[in-house]
Every structure is written in structure tokens, then in C-alpha cells.
Amino acid sequence: MQHNSTFPIKNVELKNLRDEATSYLKGIQWDQSYKAKSKEKDKQDDSILLYLSKATGKATNEITSVSKTVLSLKKKLLPDSVAIPLQLNKALYTLQEGITLGLWLRDSYSDASGFSTLNERKEALDASGRREFDSKQHTATAFMLFGMAYYIQYQLRDVASDDLTVLKNKFAGIPEISLVSPIKGISCVLFYYDKYLSHPEMVRSDQDVTDLTAVFFEAVVSEIQQRIGSLEYTETITDRTYKLEDSEFAVSGWENVLEGTAKSVEFNKIQFEEIVGNRDAKHFARRLTERLLSYDFQAKKNPFQELGGFMPVFMGYGIPGTGKSMLIAAIATRLKEHCDQLEIPFLFHPMPDTLISTFQGGSAEKMVQWMKPLQDPTKLIFAPIDDAENNLQERTAQGVSAGVKEVIGVFLRYTEGAYAVNYGNSSVGLFTNLPEMLDKAVISRVQGRFKIDGARTLPDFVDQDYLWWKKIEKTLPGFVNMNNPKDYDYLSDQGLAKNMGEILSRVEKPTEERVLEIYDTVAGKHQDSDHMFYAALYQAIQKAFPFFSSRDVRNIQSAVSLRLTDFDLPKEWFEDPSLYFKKPYETKFNMLQELMKANMKGLSFSDIRKQEVVRYLDNVATIADTDFKRKVDQRVHDLRVQMEARDQFEKDTL
């Protein structure tokens, strides 16, 4: 969604609303609905939700005061001190500022939508006007609560604990949210927030206050987002962005980019040297890490993007057991080590296995939540999708679920289109055993691809065994009583390639039969050093493979550009970050240009182009043909089983 205008939230205007916000903290009145009171009535007495839902025993007009609860917590957490505990104070101040900002959004929406005018002549409204008044009041309340909770989430994201799992398991949700009016909306939310703060099991330390506040208002955001579809007159919310003065905080419609504050997932540490074979994959992975690390946090862009050597989406494919998961871990390990050394924040953000939802729209919502962190310009992000065919399967295939279609729709929007924001600091990697099962539109987004083929040579298999038995030898010295190879040093063949030229030097013609036939036909009419040769080749390929499009041609062009930037960053740059990584953007860009010019000496554009075109077209044909071949192989296998069963049956009946 694109927001056409940005409006400032001025501090001086917030100041005028702070007294109103503070009054809510001093006291609110809320009479629970019958539904909320009776919720979970069958639970045990120690249920937190029952504690929240059952009647308080007080008169319904008695005031609930968050500020009094905070003071009682202060006595509990720091009984012998005059000072308020640090986190408790931070939570209370953030809550006050969140309410203030919510009130500002309420007023802004009221003016922009015409709700203020309706409110002034409320008594004279007819039935239609009254209905519009009620609808706009509900929307104003929802937007106010959303902005308030969203701001609180934003402010507490760095001080809340990394792992909130235990607290979230205790958290029983919010029994009700009122959108009847702004006063009732705030009163309802603060009533249940106060109940949680007062619960003896929820707050036992100062940190618990921050964590509970973060979890509670995250739930408020979620509750509001679930109701967006039922709200009317939202145009003046979705067509603009409100940015807080002197801050990075902004409210863009109902978007929650704070889902972009995801925490890095743990992973096994693996070095590239521990992966046998896969020269192409390891080289690609090394280049990916160097390019990501060149991202400039001040300029919020990457010089490799300008040079044409960056891959927002790439794909690694190969048969099972060739090292895809190891490669994911090795990329994450290399990035994490360099980020730690350079003091750069790093996010390892793999797609979860539980993305597909049985609820309509649930998969799209989860996918949006997963994609949002990729738009965070404050860290380097590696987002692998292992077994990508599970969630990004060809949409036209029989039996594909609605959830998969939702996920693909979101993926396509966020990788190219209005949502596609890439600063050059994040890269999505598709890893699959079955590339032919991936949706064609998804594959077309892939700008770099490589084969993960595992051990292939004699040294590869020797080294694979060596990595296994050396662990036994370390535990039981002398137990592995076998002779070492005479003319080979272990792992000496597993080093990283200097450039793709080393790997592709033997590529002259396509290896796929259909592509080779087309290639030879076109070569009979044009020289492969002529530009017209490639135009004719693409046209002929498109006739044989109708899904081949202009985007594929652009992907080939990107692959050629990648080869032009296929050079090592000098080792000393990593040893002393001030030589390159800490330089201003323009300086880094100029330094890379010099390296690029030096790297291009001795290279032939014509040769590189031919290699990349052949490589890409072979890949297109492989993916197109593999599914057909698999079906044929399965049918052949079934026929063999059937024939063998018939023979066996005839023998048994004789």
C-alpha cells in the first residue's frame, strides 16, 4: 500500500493533549460486559483470564486508577526506596505518551474525515447521518487505540526481553475491546491493563512490567487489525502517513512495521570449509555476504546495487542430501561473524514452518508479518526459505491450498511492486530440492541461482569421509587404522573459487537437449558475438518455453552484471574496517568502481554473456522438463511393479 502524503505529528500539539492523557491514568470507569464477565467461567479459580473476567466485587462506578496500581507496584518492587523502579517508570511514561499520541490521531482523523463537523451538529442528525456518525466514531476509536498501542510497542521494543515466550504463555488475551467511543475505548483497554498489572503472577520484577506492557499492547494492535475489515470511512487513514517530529516513528495506515523488529533465530555454526563440493554454491554464498556487508547504514543503500551486483532474491537447488541446510547455516555463520566484528546488527530470519493457516486470509497475514522485517533498514538481514516448494508451490497445480496462493501473492507484492522496498541490506534465499514445483512467477523473481550438487569428485568423497572419521580419531587416537591418500592433502580441494570464471570456464554450449537444438539453429543464422544472436535466441526459446519472458531476460542481464562485480574485497578491509566498511557511501562506491575496473581487465564481455545465457537457459529447461520426467519415471516404476506383480501372481498360481 502506498501512502500519498506525510503529515507531521508536532510536539507542541502533543503537549496540549498530555493533560487529557494523564487524566485517564489517574482514573477511568469501565463496566465489564456480561460476555467478558462470563468468559472462561468453567476454568479453575487460578486462571488469569478468569481473574480478568470475573466481577471485581466493587461498585460498577468505582474508578480504576493505573497510577495507583503503579505506586503499589513500586512498594512491592522497591519497598525501601523513594525512587520509582526504572522499568516501571519507563512503562508508565511510555503509556502516557502513547495515549497522548493516540488522542492526536483521534483528533486528526476527526478533522480529516468530517467527524468533527458531524459531532458539532450531532443532535440534528437524521438516521443516515447518525449511522455515519457512529461508524466514524468507531473508526476514530480504533485508529486512536491502534496508534497508542503501536507507539508503546515501538518505544519498548529495545528494552523488552528478547524471549517473551513464557510471559506470552501466561498472557490470556484481552476479554473485550470497545470501539463505541474514544473514552470507552481507552477506559476498556486501561481497565484490563490495570488488571494484568495487579495480578500477583504477572509482575514479580521490574523487567516484568516492561515485558507485560509490550505483550499487552502488542495484543491490542493485533485485536484492532483483526477488526479493520468491519470499519468504514478509513480512506483518510490509509492514504497518508503521520510522522512524529524529531523521531523515526511513523503511523502509515494500519501497517505494523514493528513486526520488523524480529529477533534473530539461533542456528548451528558451520564454516564453508566443512561443506564438501558445491564450489558454485559456496562461491555465490561468499559473494552474497560481501555484498550485504557493503550496505551503508547512513545512506540506507548499497553501492553494489548501483554497480548491478546485488541479489534481493536468489535460489539454490539440488537433489536431497547435497548440503542445502548446511549452506544456509554457513551463510548465516559468515555474516554473523563479520557483523560482530564490524559491530553491525544482524538478523537471521528464516521462514517458519507454520506459515500456512487453515483460516481464510490467515496465511497472507502471517506472510506479511514474515516479510515486514525485510524492510527494516537498521540491520543486515538474511531470510532463507528452506524447502521452498512447500510454501511457494505452483499455483496451477492440482490440490494447491488457498493458503499457498495467499503466501505467493504476498511474496510477489513484496519482492516487486508497491510493497517492494529493498535498501540493499536484505536478501531472500529460496532453497529447494524441487525447483520445478515452484510457482513460475516466484522463479521469475529470482535474480541469482546456483546448483547445490554436493560431493562430485574423488577428493570430495575422500574429504566427506575425512570430516566424519577425524571426529572418531580425536576421541580415540589411533583407532582409525587406515592409510592416508598419497598425493592429496585433506580438504585442499574444498577451498573457495577465486571467481566464477574458474567454475564456468568449460561452459561453451547448453547441455539440455532442447536448448542445445535451439541454440545450434540460431547459431547457424547469427554469430554468437552479435547482439542479434541473443535476440533471436530469446525469441526461439520463448516459442519452446512460453513462460520465458522479459523478466527472464532481465535476470540474465543481472547475472552478467553480477559477473562484472565478481571480485574479492581485499582481506585487509575486513581486518581494519576503517579502510572500507566505515567509509562514507560515496567513498565506498568509488573504491568498488576501481576494483570493478581492475577485475574487468582480461575479461571478455562476449564470453561472460554467453556463459550466463547458456547457464540460465539450461536451468529454465531443467526446471520445465524435470516435472514431466518425474511423472514419466513414476509411471514407468508403476508399470514395472505391475508387471512384476503379475509375474509373481502367475508363478504362485501354477
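Table for the structure above
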item: Using θ = phi - 60° and Karplus 6.51 cos²θ - 1.76 cosθ + 1.60, couplings along the range 119-132 (whole Hz; Gly, Pro as x); result: 5, 5, 10, 3, 5, 9, 6, 7, 4, 5, x, 5, 5, 5
item: Size of electric dipole in the range 260-456: Cβ of Lys, Arg +1 and of Asp, Glu -1, about Cα centre, debye, nearest 20; result: 280
item: Residue (of ILE608, GLY27, LEU412) at the positive-pole extreme of the chain, dipole from beta-carbon charges; result: GLY27
item: The chain, relative contact order [Cα under 8 Å, separation at least 6], %; result: 13
item: For peptides 323-334, 473-484, 533-544, sequence by mean Cβ density within 10 Å, most packed first; result: 323-334, 533-544, 473-484
item: Sorted by Cβ neighbour density within 10 Å, fewest at the top, the residues TYR317, TYR488, TYR616; result: TYR488, TYR616, TYR317
item: Inter-centroid distance (Cα atoms) of the range 503-575 relative to the range 119-195, Å; result: 55
item: Contour excess over end-to-end distance, with Cα ends at LYS440 and PHE133 and 0.36 nm allotted per residue; result: 105.7 nm
item: Counting DSSP beta bridges with both ends in the chain, the antiparallel % (nearest 5); result: 20
item: Nonlocal amide H pairs with MET315, under 5 Å, H built at 1.01 Å; result: LEU430, GLY448, ARG449, PHE450
item: Cα-centre dipole for the range 102-141 with unit charges at Cβ (Lys and Arg positive, Asp and Glu negative), debye to 20; result: 80
item: Packing rank of 335-345, 284-294, 569-579, 517-527, where each peptide gets the mean count of other beta carbons within 10 Å, highest leading; result: 284-294, 335-345, 517-527, 569-579
item: Theoretical ellipticity at 222 nm over the chain - DSSP helices of four or more residues, -39500 (n - 2.57) apiece, nearest 500; result: -17000 deg cm²/dmol
item: Amide hydrogen neighbours beyond the local backbone of LEU438, cut-off 5 Å, H modeled; result: GLU394
item: Burial ordering of GLU650, GLU436, fewest other beta-carbon atoms within 10 Å first; result: GLU650, GLU436
item: Spin-label proximity, ASN599 to the range 554-569 - amide N less than 19 Å from point 7 Å beyond Cα toward beta carbon; result: 555-569
item: Table column - 3J(HN,Hα) (Hz), the range 251-256, Karplus curve with 6.51, -1.76, 1.60, x for Gly and Pro; result: 10, 10, x, 9, 5, 10
item: Under Karplus coefficients 6.51, -1.76 and 1.60, residue-wise ³J(HN,Hα) of the range 633-649 in Hz, glycine/proline x; result: 4, 5, 5, 4, 4, 4, 5, 5, 4, 5, 5, 5, 5, 5, 4, 4, 5
item: Potential extension, LEU164-THR475 segment - 0.36 nm per residue separation minus Cα distance; result: 108.0 nm
item: Dipole of the chain, positive end: most advanced residue of THR165, ILE356, TYR490 [Cβ charges, Cα centre]; result: THR165
item: Spacing of the two label points (7 Å from each Cα toward its C-beta) at ARG630 and ILE319, in nm; result: 1.4
item: Cβ-placed point charges (K, R +1; D, E -1), dipole of the chain about Cα centre in debye, nearest 20; result: 800
item: Amide proton proximity set for THR241, modelled H, under 5 Å, gap of 5+; result: SER5, THR6, PHE7
item: Two-site label geometry, VAL400 and SER72: point separation in nm, points 7 Å out along Cα→Cβ; result: 5.7
item: Cβ-based exposure ranking for TRP469, TRP30, TRP370, in which fewest neighbours within 10 Å come first; result: TRP469, TRP30, TRP370
item: FRET efficiency, LEU516 to ALA83 (Cβ-Cβ, R0 51 Å, nearest 0.05); result: 0.05
item: Unsatisfied cross-links (Cα-Cα over 19 Å) in the set LYS301/LYS588; LYS170/LYS195; LYS379/LYS583; LYS168/LYS379; LYS15/LYS74; result: LYS168/LYS379; LYS15/LYS74
item: Positive-end residue, the range 263-359 charge dipole about Cα centroid, Cβ charges, pick of CYS339, PHE284, ILE328; result: PHE284
item: Length released on extending from GLN539 to ASP386, taking residue separation times 0.36 nm less the Cα-Cα span; result: 51.7 nm
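Every read-out reported here was derived from the displayed coordinates using simple, explicitly stated rules and does not represent laboratory data. Values in this document were obtained by computation on a predicted structure and should not be read as measured data. Using ideal geometry, Cβ is built from the backbone for each residue, glycine included, and neighbour counts are taken over all protein chains shown.
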